[in-house]
Amino acid sequence: QHDRHTASLYTMDAQTGHLLKHISIPRLQSCGTFNLITVQDEIAYISGTERGSHNPHCLCLAIDLQTGAHKWTADLGECIGTTTPVVANAHIYLVTLALQRGHLHALDAQTGKTIWTHTFERHQAQEITVIGTDIFIAGAMLEIIDATTGTKRWSFADPQRILNGPPMVNNERICMSYEDSPSHTSQSEKREKSEIILSGEPSHGSGMMAVDQASMQLQWIVPLPQW
């Protein structure tokens with residue numbers, strides 16, 4: 001909860017709703033549908049962009065919910081927003097968003113110190129997916145990043161489609177939603193899609209795709225109707 005000058009983090013009893021304490025925190029705002037807070041082992045990890053600043057910086061902080069103490073605050077630089085913090089491998093992973101770039105950060109969960117940073121091209125702002133020591137990013141291409149070193153293990157690009165959803169991962173494949181890339185749509189296809197929309201029939205400008213993890217090849221594409 002925040003006003004013009006201050007912000008507070010409240011803790012409540014989950015069984016009764018009784019207010020336990022409130023903790024003063026920096027005034028931060030989220031970007032789009034991303035969450036500001038992740039809680040694990042009685043520690044709250046909060047990230048966001050400074051409110052009311054002419055040169056807003058993205059911050060990530062750790063707060064001990066038992067004592068209310070601020071364990072650390074990390075300044076991640078001047079950016080327009082952050083994704084939801086993810087806790088894994090004794091690290092905090094999150095992306096700070098620039099105009100055409102995303103910066104994936106790995107912070108030490110105990111100290112907030114930056115362990116590594118990976119920069120990638122992005123179209124839309126997406127959440128990351130962390131599975132074991134793999135981080136999956138849907139940017140201008142699908143990338144898998146080594147969670148311990150920040151190095152890129154492999155990538156998959158499809159110039160005809162824009163990835164517009166966070167990767168969903170199982171042991172065999174990586175699934176994600178997409179939109180057709182306007183730069184790879186012919187004039188006749190654009191005219192046909194316009195006629196379909198005007199006639200009230202479904203358009204096939206978006207859908208789902210799957211990439212096989214073993215071969216790193218596109219496995220299937222399914223266009224979805226647009227109503």
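Here are some notes:
- Gyration tensor over alpha-carbon atoms, region 1-124, equivalent ellipsoid semi-axes in Å: 25, 17, 13
- Carbon and sulfur %, accessible surface of the chain computed with the full protein complex present, 1.4 Å: 51 percent
- Taking Val169, Val95, Val39 and ordering them by how much accessible surface each has at a 1.4 Å probe, largest first, produces Val39, Val169, Val95.
- In the assembled protein chains, His70 presents an accessible area of approximately 90 Å² (probe radius 1.4 Å).
- Pairwise inverse Cα distances across region 125-184, averaged and inverted, put the Kirkwood hydrodynamic radius at 11.9 Å.
- Over the chain, dividing the summed -39,500 (n - 2.57) contributions of all DSSP H runs of at least 4 residues by the number of residues returns a 222 nm mean residue ellipticity of -2000 deg cm²/dmol.
- In plain terms, if you count all Cα to Cα distances in region 108-155 and split them into 10 Å steps from zero, the share in each step is 25, 54, 21, 1 percent.
- Calculated on the Cα set of region 69-180, radius of gyration then Dmax: 13.9, 49 Å.
- In summary, the convex hull built on the alpha carbon positions of the chain has an orientation-averaged projected area of 15.8 nm².
- Taking the longest Cα principal axis of the chain as reference, the axis of helix 187-199 is set at about 80 degrees.
- Rolling a 1.4 Å probe across all protein chains gives Ile131 an accessible area of roughly 80 Å².
- On a per residue basis, the chain carries 54 Å² of accessible surface, using protein heavy atoms and a 1.4 Å probe.
- With the convex hull of its Cα atoms as the shape, region 74-127 has an orientation-averaged projected area of 3.5 nm².
- Residue-level accessible surface for Ile115, protein heavy atoms, 1.4 Å, Å²: 80 Å²
The values are calculated or read from the model by the stated rules, or taken from the named source; none is laboratory data. This is a predicted model, so every value here is computed, not measured. With ligands, DNA and RNA removed, areas are computed over all heavy atoms of the protein, side chains included. Shrake-Rupley method; radii C 1.70, N 1.55, O 1.52, S 1.80 Å.
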